[in-house]
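A quick write-up on the structure given underneath.
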Amino acid sequence: MEQLQTLRGMVDLLPEAIGSWQQLESKAREHFRRACVKEIRTPLLEATELFARGIGEATDVVGKEMYSFVDRGDRSCTLRPEGTAGVVRAAIQHGLLSQGPQRLWYGGPMFRYERPQAGRQRQFHQIGLEFLGFEGANSDVEAITIAWDFLLDLGLTNLKLEINSLGTATDRLNYRAALVGWLEQHKHQLDADSQARLNINPLRILDSKNPQTRELLLDAPSLSDALGEESGKRFDLVKEGLSALQIPFVVNPRLVRGLDYYGHTAFEIISTDLGAQATVCGGGRYNGLVEQLGGPSTPCIGWAMGLERLVLLLKAVDEQSEAAPVVYVVSQGAKAESMALFAARELRQAGHTVELDHSGAGFSKQLKRASRSKANWAVLIGETEAQSGQFQLKNLNTNTSSLVDQFQLIKLLEC
């Protein structure tokens, strides 16, 4: 009998991998709690019309990537490809918007029929934040800040925040006209996908991954030149708010959101450790979506993070930290081994990463393992040291040793 396998793009999360996922989820919950952001859980399965109206029938997500089917009630249903539309639908359906502005977050699996790649599968996982009913530039800054601080708390360092303003609907119409006119003149130089988007959603061409098209777009009209005075002032407030919080950013005039309900602030947080799949968080202001889904006109901003990509980054961070314990404890003899346990525990409680050798081999073999571990220090405890209470502390980088009192060991390592 043929062994059953997972479908392509559907991945089992095995026990040895769960720790990283739990760490992510735990830290996310804590950051949302501190910011008074409440969790909402929406169904995995929604009416297809929700995403056709919310994301747009002309998009690749709706046109090519959704898992849709007709159920036994002859209704077209879709496994959710993203989280925002379901959250907005729930807020409208249950009257949450009549209760005042909502600070919400969600998490869980999403589904898109894409080519599987590192950090992105056909079933993938996201966490996201949605501020519904918030208009001011400060709410944009707060939303970005929550994402930035969460990523820093995970221990990630090689991060870059890119921001842009998409302006008002009028600004974008003016820009669209200028952009389409320019693109028509260079249509023969565009890749096939960009040519197809020219009459449907030309702003998405700015997000093309084709190298030739990206090079061509360097000379295209800039959205920043089309911003009205009020849009420019609002974007200045966002930049000033981020600067006041000492969050570094780069203005990327090619950063867009191609759906009509997006406007004003758009942003991405990128990791330079992920190569081509660099974006770990993407978001923006979507003041038109609630109304588009049948609710009242409501200003909103939100973002989403892909957990698979974050797990890849965390793995790299963990490998770097795990590759080199600070201290390697070597011992020989019954009393020495007991003292080694005591010393390792004391050092760990003081915050040091400590590897304890239990082999009972000779000092030379244990020291070779200490060197291979890339630890900075080795603590040597033999019967003589166990009797005297003085340990040998060896600097494995300089190959120098000294006798230290067991009670001074922690202080010396912290110097």
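If only residues of the stretch 331-347 that are over 20 Å from Ser401 (Cβ atoms) and of a type in the set (Gly, Ala, Ser) are counted, the one that is farthest from the chain's Cα centre (by Cα) is Ala334. Scanning the stretch 360-415 for residues that are basic (Lys, Arg) and free of Cβ contacts under 8 Å to residues at least 40 places away in the same chain gives Lys365, Lys368, Arg372, Lys394, Lys411. In the stretch 286-293, the count of residues that are assigned by TED's automatic domain parsing to the domain that holds Gly107, surrounded by fewer than 16 Cβ atoms within 10 Å (Cβ to Cβ) and more than 29 Å from Gln22 (Cα to Cα) is one or more. For the stretch 62-87, which positions are of a type in the set (A, V, I, L, M, F, W, C), part of a helix (DSSP H, G or I) and either surrounded by fewer than 17 Cβ atoms within 10 Å (Cβ to Cβ) or out of contact with any helix residue (DSSP H, G or I) (no Cβ under 7 Å at 6 or more places or on another chain) (or both)? The answer is Val87, and nothing else.
To keep it simple, each residue is scored yes or no on (1) modelled with pLDDT of 95 or more; (2) under 21 Å from the mean Cα position of the chain (by Cα).
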| site | (1), (2) |
| --- | --- |
| Gly9 | no, yes |
| Ala17 | no, yes |
| Ser20 | no, yes |
| Val37 | yes, yes |
| Val61 | no, yes |
| Val70 | yes, no |
| Cys77 | yes, no |
| Arg103 | yes, yes |
| Gly107 | yes, yes |
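Is one or more of the residues making up the stretch 270-290 over 21 Å from Phe150 (Cβ atoms), assigned to a helix (DSSP H, G or I) and out of contact with any His (no Cβ under 8 Å at 6 or more places or on another chain)? Within the stretch 270-290, one or more residues are over 21 Å from Phe150 (Cβ atoms), assigned to a helix (DSSP H, G or I) and out of contact with any His (no Cβ under 8 Å at 6 or more places or on another chain). Across the stretch 182-199, the qualifying residues are those that are in contact (Cβ under 8 Å) with a residue 24 or more places away in the chain and not in a helix (DSSP H, G or I), and the one among them that is farthest from the chain's Cα centre (by Cα) is His186.
Taking the stretch 348-375, which residues are outside any strand (DSSP E or B), aliphatic (A, V, I, L, M) and within 39 Å of the chain's Cα centre (by Cα)? Of everything in the stretch 348-375, those that are outside any strand (DSSP E or B), aliphatic (A, V, I, L, M) and within 39 Å of the chain's Cα centre (by Cα) turn out to be Ala350, Ala370, Ala375.
Filtered by the rule that a residue be in a loop (DSSP other than H, G, I, E, B) and either in contact with a helix residue (DSSP H, G or I) (Cβ under 9 Å, 6 or more places away or on another chain) or at pLDDT 85 or above (or both), the stretch 376-397 gives Asn376, Gly382, Gly389, Leu396. Just one residue in the set His94, His31 is over 24 Å from Arg112 (Cα atoms) and touching a helix residue (DSSP H, G or I) at 6+ places or on another chain (Cβ under 7 Å); that residue is His31. The listed residues are Gly362, Gly351, and the only one of them that is under 20 Å from Lys335 (Cβ atoms), of a type outside the set (Asp, Glu) and in the same structural domain as Ser331 (by TED's automatic domain parsing) turns out to be Gly362. Among the residues of the stretch 88-118, the one identified as charged (D, E, K, R), part of a loop (DSSP other than H, G, I, E, B) and in contact (Cβ under 8 Å) with a residue 60 or more places away in the chain is Glu114.
Can you name every residue in the stretch 155-167 that is at pLDDT 90 or above and buried (at least 17 other Cβ atoms within 10 Å of the Cβ)? Within the stretch 155-167, Leu159, Leu161, Glu162, Ile163, Asn164, Ser165, Leu166, Gly167 meet the criteria. Based on this model, can you work out whether Arg53 counts as out of contact with any strand residue (DSSP E or B) (no Cβ under 6 Å at 6 or more places or on another chain), in a helix (DSSP H, G or I), at pLDDT 95 or above and not β-branched (Val, Ile, Thr)? No: the conditions fail for Arg53. If you filter the stretch 200-229 down to residues that are in a helix (DSSP H, G or I) and polar (S, T, N, Q), you find that the one that is surrounded by the fewest Cβ atoms within 10 Å (Cβ to Cβ) is Gln212.
The values are calculated or read from the model by the stated rules, or taken from the named source; none is laboratory data. This is a predicted model, so every value here is computed, not measured. Because the Cβ atoms are built from the backbone with ideal geometry, glycine has one as well, and the counts that use them run over all protein chains shown.
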